[in-house]
1. Can you pull out every residue in region 157-198 that is in contact with a strand residue (DSSP E or B) (Cβ under 9 Å, 6 or more places away or on another chain), away from the ligand (no atom under 16 Å from the Cβ) and under 23 Å from residue 313 (Cβ atoms)?
2. Out of everything in region 105-134 that is assigned to a loop (DSSP other than H, G, I, E, B) and within 15 Å of residue 187 (Cα to Cα), what residue ends up being farthest from the ligand (Cβ to nearest atom)?
3. Would you mind finding the one in 67, 57 that is over 22 Å from the mean Cα position of the chain (by Cα), assigned by TED's automatic domain parsing to the domain that holds residue 220 and either surrounded by 12 or more Cβ atoms within 10 Å (Cβ to Cβ) or under 22 Å from residue 226 (Cβ atoms) (or both)?
4. Residue by residue through region 195-224, note down the ones that are outside any loop (DSSP other than H, G, I, E, B) and surrounded by fewer than 24 Cβ atoms within 10 Å (Cβ to Cβ).
5. Taking only region 225-238 into account, find how many residues are crowded, with 24+ Cβ neighbours inside 10 Å and in a helix (DSSP H, G or I).
6. Restricting to region 135-183, count the residues that are under 24 Å from residue 297 (Cα atoms) and part of a strand (DSSP E or B).
7. Report the residue count in region 199-222 for those that are within 13 Å of the ligand (Cβ to nearest atom) and within 26 Å of residue 289 (Cα to Cα).
8. Would you check if residue 277 is surrounded by fewer than 13 Cβ atoms within 10 Å (Cβ to Cβ), within 30 Å of residue 87 (Cβ to Cβ) and not assigned by TED's automatic domain parsing to the domain that holds residue 94?
Ligand SMILES: *Cc1c(COP(=O)(O)O)cnc(C)c1O
């Protein structure tokens, strides 16, 4: 393998680019991957260098290591942004990104179908800081313009919506928000930069819960905030000031997961559609919420904006007694039950704990 030429990454297919981005074998004695750098203190050669610490690439563990820099660089290129900042979780990426843009008296427009903890952050900590939140209909499109107030500093999108899978018209919302000088933030966890690049559609900041598809193996918590050039400084300052940083092991697992993202997502897409189509024929199922299915109300928007679908979707059951739902879920043999987006497949039922607690 030869070292990729500078500037060559742009013309590569994203699935190819993620194999190269963030890798510098020449800087690692020829080894393909950077090690998991563990460290807090970084030494400076002279007093002069110590005092001019901002000029040294690595100056303290919290601000970054060669391992975090490698993953940040790779995600920046995947998302088509200017700068990526890693965080200890996807949720910390969400809260840090919002706090980068608001102060007391400001207003946030938050999509009503957002990941529930993001709503909790708005309703508790943001509210306590005197930042008001209005929840808007995910299908609002260009109509968002009517909801923007003079003090609206952030318009936040998540598409498709958590659990309910509404597709948003990202370009139309971003255009209206930018016209009023609000920062446009989007949770891109479902698609990742492989299937949708929010920044190319006018979004300022794309957020990934890397815990889900980028790490991909249910073995680490990790988040990423990717900013465009106009917002990079604000996001960088917020992440540094709030103090969030990922662990070395988690960062390494993020880098490792990223290398297989394209093949995993392709399979997720295929398997999820096959299961969704099968479920659509079942009498117990009233509706499938999956934007890649032609019958889905968000299908046209998905097709126009996205280059693929990942593996997560919802179903709505016809009225079913709770006992029947519990009997089905408790009897699952191949799937386990838990929060998050999978990562568990077994060939026999998990043994039930002998007692609770
Ligand atoms: C899981 C998730 C998050 C939070 O990520 P964590 O790494 O669990 O903190 C944020 N947004 C979406 C859409 C998620 O699914």
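The values are calculated or read from the model by the stated rules, or taken from the named source; none is laboratory data. These numbers come from a predicted model, not from an experiment. In this analysis, Cβ positions are derived from the backbone assuming ideal geometry, glycine residues included, and neighbour counts consider all displayed protein chains.
1. Hits for region 157-198 are 173, 197.
2. From region 105-134, those assigned to a loop (DSSP other than H, G, I, E, B) are 105-106, 112-115, 129-131; that's our starting set.
From what's left, within 15 Å of residue 187 (Cα to Cα): 112-115.
Details: 112: 14, 113: 10, 114: 8, 115: 4 Å.
Looking at the filtered set, the residue picked out is 112.
3. Numbers: 67 fails: over 22 Å from the mean Cα position of the chain (by Cα).
Result of the check over 67, 57: 57.
4. Filtering region 195-224 for residues outside any loop (DSSP other than H, G, I, E, B) gives 195, 198-201, 205-209, 223-224.
Matches in region 195-224: 195, 200, 201.
5. Applying the first criterion (crowded, with 24+ Cβ neighbours inside 10 Å) to region 225-238 yields 225-227, 231, 235.
Filter again for in a helix (DSSP H, G or I), leaving 235.
Residues in region 225-238 being crowded, with 24+ Cβ neighbours inside 10 Å and in a helix (DSSP H, G or I): 1 in total.
6. 6
7. In the first step, residues of region 199-222 are kept if they are within 13 Å of the ligand (Cβ to nearest atom); the result is 206-216, 218-222.
Narrowing the set further to residues that are within 26 Å of residue 289 (Cα to Cα) leaves 206-216, 218.
Count: 12.
8. Details: surrounded by fewer than 13 Cβ atoms within 10 Å (Cβ to Cβ): yes; within 30 Å of residue 87 (Cβ to Cβ): no; not assigned by TED's automatic domain parsing to the domain that holds residue 94: yes.
No: the conditions fail for residue 277.
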